[in-house]
Amino acid sequence: MQFPLRTIAGAFSALAVLSGAAAAPSRAGVNPDFMLSPPAARIGPGAAMSPRQGGNLSPFRATSRTSLMRKGAPRMATKSASTRQTSQEPDLNGDGNLDILFQHNQNGTVYYWLTDGTQIIGQNFLWNGNIAGWRVISTVDLNRDGKPDVILRNENSGAVYYWMTNGTQIIADGFLTGGGDADWAPVRIADLNGTSQRDVLVANRDTGGLYYWVLSNTGRSIATHGFLLTSEDANDGIDAPWQVVGTPDLNRDGRLDVVRRNRNTGGVEYILLGAAGGLPTMTARGLLWEGGDANWSVRSTPDLNRDGTPDLLFQYAGSDAVVYWLLNAGGTSIMSAGFLSTGDEDPATSWRIVATRDLNADTQPDILLQDSGSGAVFFWLLTNNGTSVGTSGFLWQGGDRAWVAIKVSDLNRDGVGDLIFRRNGTNTDPNRGAIYYWLLNTNPSIAGQNFLWNGGDASWEPVAFYPD
């Protein structure tokens, strides 16, 4: 296949502030009814939770591996690759426990919970007002004062705004950019040039371009900016083939790198980032896989074999078939690849990877899956340096698909990941929007469970809940 290396004329001014651009978020507004009274009955995903093996719901039924290989399972590229020159959990009060930030999906109001892991110990508005169109995209600490700050983006203009906080109050705010082209959006906020200051990696979904913002020492303005990769696709309103799917540190130099996937072919490429003269640069680029089947998608970039280099996990669309790639120390080639599961073709099930997290305290990443049809939750404990499934079983056999697993976090700080659910109920469901948790032990099995909130309004959505 021909690798897309076209360059088109044009540039993106990251500092262009247009007259009449989307108004900055203000702090006045309305008070929602958050309905935090204890539930009258426990309706969480707690029925029939005894783990069992096998059955039609199990996402680990062995089938012929060759059948999926004919479908185009990811393998190493067959020709040499060309070379050229997304975990932060909000802790608002610094007590080491997960806190949760919510945004109202209609008016944009932002609310927070302070938790001790299993109970809400404080709550209030961070911002009480109507800013429809603005969405929280990160809670990174921009000014390095140890307190999370909030980054918002306007979905219509692409403008990016910050709130500096003391954890529970906004103490300063302003624009990073006034926008002007909504196709550009931040994909990662991290140190790009080795100064320990937060910078911003920006991608254009239409052209495939990559851009950087180097932020000032205060984190309140863009000090300098420029292209890492100029546009490779026509500015035609159609999403570019190559899209960012991960930003792990592939070559272990302390800086993030970029993994991109071709949505048309499934191909995967790496882009290694470095710095020269205090500015971010692209130091290398190449193919990991030429593609051939766009049904394979990158699901996560865990370090499966614990060698310090991120690896890649793929899942086949409409199947629980999962393939791993173990990458070399530079992150530029595949050392080995294989199936963790060759797939369950039962049309009644639709399994998705929820998280890759150590579930049994052996330091080995494991995999948690949920069936979107039944809500069932299943685990794979990985062995052999992350290349095979040793033990598998149900945490819950399902029965209520409205409960959606949204986060794995160590809520009680016992070294084992716990699971948080949100209830995606209909408007007639009195518990829609509810937040529920399971405390897991190292078996793994459910050691405790309860509501954080019994719901009542699905307009409130957890935000900034995933890695930056």
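The values are calculated or read from the model by the stated rules, or taken from the named source; none is laboratory data. Bear in mind that the values here come from a model prediction, so they are computed numbers and not experimental data. Backbone-built Cβ (ideal geometry, glycine too); neighbour counts: all protein chains shown. For the accessible areas, the whole protein counts, side chains as well, though only heavy atoms, and no ligand, DNA or RNA atoms are used. Shrake-Rupley method; radii C 1.70, N 1.55, O 1.52, S 1.80 Å.
If you check residue 182 against the conditions, is it among the small types (Gly, Ala, Ser), at pLDDT 95 or above and either part of a strand (DSSP E or B) or closer than 24 Å to residue 106 by Cβ (or both)?
no
Suppose we keep only residues that are part of a loop (DSSP other than H, G, I, E, B) and on the phi < 0 side of the Ramachandran plot within the stretch 373-387. Which one would you say is least open to solvent (accessible area, probe 1.4 Å)?
Narrowing the stretch 373-387 to residues part of a loop (DSSP other than H, G, I, E, B): 373-376, 384-387.
So of that shortlist, the ones also on the phi < 0 side of the Ramachandran plot come out as 373-374, 376, 387.
Details: 373: 40, 374: 22, 376: 0, 387: 36 Å².
Checking each candidate, the answer is 376.
Would you be able to tell me the number of residues in the stretch 349-383 that are among the acidic types (Asp, Glu) and in contact with a Lys or Arg (Cβ under 7 Å, 6 or more places away or on another chain)? Before you say what the answer is, go through the steps one by one.
Residues of the stretch 349-383 among the acidic types (Asp, Glu): 358, 362, 366, 371.
After this cut, where a residue has to be in contact with a Lys or Arg (Cβ under 7 Å, 6 or more places away or on another chain) as well, the list is 366.
Adding up the residues that qualify gives 1.
Scan the stretch 253-282 for residues that are open to solvent by 50 Å² or more (accessible area, probe 1.4 Å) and within 23 Å of residue 317 (Cβ to Cβ) and jot them down. Lay out the reasoning, then the answer.
The first filter runs over the stretch 253-282 and keeps only residues open to solvent by 50 Å² or more (accessible area, probe 1.4 Å), leaving 253-255, 263-264, 276-277, 279.
263, 264, listed by residue number.
For residue 145, which of the numbered conditions (1) crowded, with 17+ Cβ neighbours inside 10 Å; (2) modelled with pLDDT of 90 or more; (3) closer than 30 Å to residue 228 by Cα; (4) not hydrophobic (A, V, I, L, M, F, W, C) fails to hold?
Result: residue 145 fails condition (1) only.
It is to be established whether one or more residues within the stretch 214-225 are closer than 19 Å to residue 258 by Cα, hydrophobic (A, V, I, L, M, F, W, C) and surrounded by 16 or more Cβ atoms within 10 Å (Cβ to Cβ).
Scanning the stretch 214-225 turns up at least one residue that is closer than 19 Å to residue 258 by Cα, hydrophobic (A, V, I, L, M, F, W, C) and surrounded by 16 or more Cβ atoms within 10 Å (Cβ to Cβ).
Among the listed residues 390, 448, identify the single one that is closer than 21 Å to residue 314 by Cα and either among the small types (Gly, Ala, Ser) or part of a strand (DSSP E or B) (or both). Lay out the reasoning, then the answer.
Working: 448 fails: closer than 21 Å to residue 314 by Cα.
Exactly one residue qualifies, and that residue is 390.
Looking at (1) assigned to a strand (DSSP E or B); (2) of a type in the set (Gly, Ala, Ser); (3) under 23 Å from the mean Cα position of the chain (by Cα), can you tell me which one residue 337 breaks?
Here residue 337 meets the rest and fails (3).
Filter the stretch 417-432 down to the residues that are more than 20 Å from the chain's Cα centre (by Cα) and crowded, with 16+ Cβ neighbours inside 10 Å and list them by number.
Once the filter is applied, which keeps residues that are more than 20 Å from the chain's Cα centre (by Cα) and crowded, with 16+ Cβ neighbours inside 10 Å, the stretch 417-432 yields 425, 429, 431, 432.
Suppose we filter 231, 297 for residues that are touching a Phe, Trp or Tyr at 6+ places or on another chain (Cβ under 7 Å) and hydroxyl-bearing (Ser, Thr, Tyr); which single one remains? Steps first, please.
Working: 231 fails: touching a Phe, Trp or Tyr at 6+ places or on another chain (Cβ under 7 Å).
After applying the criteria, what remains is 297.
Out of the residues in the stretch 304-321 meeting the condition of being at pLDDT below 95 and among the hydrophobic types (A, V, I, L, M, F, W, C), tell me which one is nearest to residue 390 (Cα to Cα).
So in the stretch 304-321, the residues at pLDDT below 95 come out as 315-321.
Next cut, among the hydrophobic types (A, V, I, L, M, F, W, C) only: 317, 321.
Working: 317: 24, 321: 16 Å.
If we take residues in the stretch 304-321 being at pLDDT below 95 and among the hydrophobic types (A, V, I, L, M, F, W, C), then 321 is nearest to residue 390 (Cα to Cα).
Considering only residues of the stretch 155-171 that are part of a strand (DSSP E or B) and open to solvent by 10 Å² or more (accessible area, probe 1.4 Å), which is farthest from residue 133 (Cα to Cα)? Please lay out each step first, then the result.
Here is the first cut: in the stretch 155-171, the residues part of a strand (DSSP E or B) are 160-165, 170-171.
Subset that is open to solvent by 10 Å² or more (accessible area, probe 1.4 Å): 161-162, 170-171.
Numbers: 161: 12, 162: 15, 170: 20, 171: 22 Å.
Applying the filter and picking the extreme gives 171.
For residue 250, state whether it is at pLDDT below 95 and buried (at least 22 other Cβ atoms within 10 Å of the Cβ).
Answer is no for this residue.
Could you count how many residues in the stretch 388-398 are of a type in the set (A, V, I, L, M) and surrounded by fewer than 23 Cβ atoms within 10 Å (Cβ to Cβ)? Let's see the steps before the verdict.
First pass over the stretch 388-398, keeping only residues of a type in the set (A, V, I, L, M): 389, 395.
When the remaining residues are screened for being surrounded by fewer than 23 Cβ atoms within 10 Å (Cβ to Cβ), the result is 389.
Going through the stretch 388-398 one residue at a time, the tally reaches 1.
If I filter the stretch 114-131 for residues that are more than 30 Å from residue 324 (Cβ to Cβ), at pLDDT 95 or above and touching a Pro at 6+ places or on another chain (Cβ under 6 Å), do I get at least one hit?
no
So for the stretch 238-247 (the condition being out of contact with any Lys or Arg (no Cβ under 7 Å at 6 or more places or on another chain) and more than 24 Å from residue 289 (Cβ to Cβ)), does at least one residue qualify? So that I can check it myself, show each step before the final result.
Initially, the stretch 238-247 is screened for residues out of contact with any Lys or Arg (no Cβ under 7 Å at 6 or more places or on another chain), giving 238, 246.
Imposing the further condition that a residue be more than 24 Å from residue 289 (Cβ to Cβ) reduces the set to none.
There is no residue in the stretch 238-247 that is out of contact with any Lys or Arg (no Cβ under 7 Å at 6 or more places or on another chain) and more than 24 Å from residue 289 (Cβ to Cβ).
Condition check ((1) within 27 Å of residue 212 (Cα to Cα); (2) surrounded by fewer than 17 Cβ atoms within 10 Å (Cβ to Cβ); (3) more than 21 Å from the chain's Cα centre (by Cα); (4) hydrophobic (A, V, I, L, M, F, W, C)) across all residues:
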| site | (1), (2), (3), (4) |
| --- | --- |
| 97 | no, no, no, no |
| 109 | no, no, yes, no |
| 119 | no, yes, yes, no |
| 134 | yes, no, no, yes |
| 152 | yes, no, no, yes |
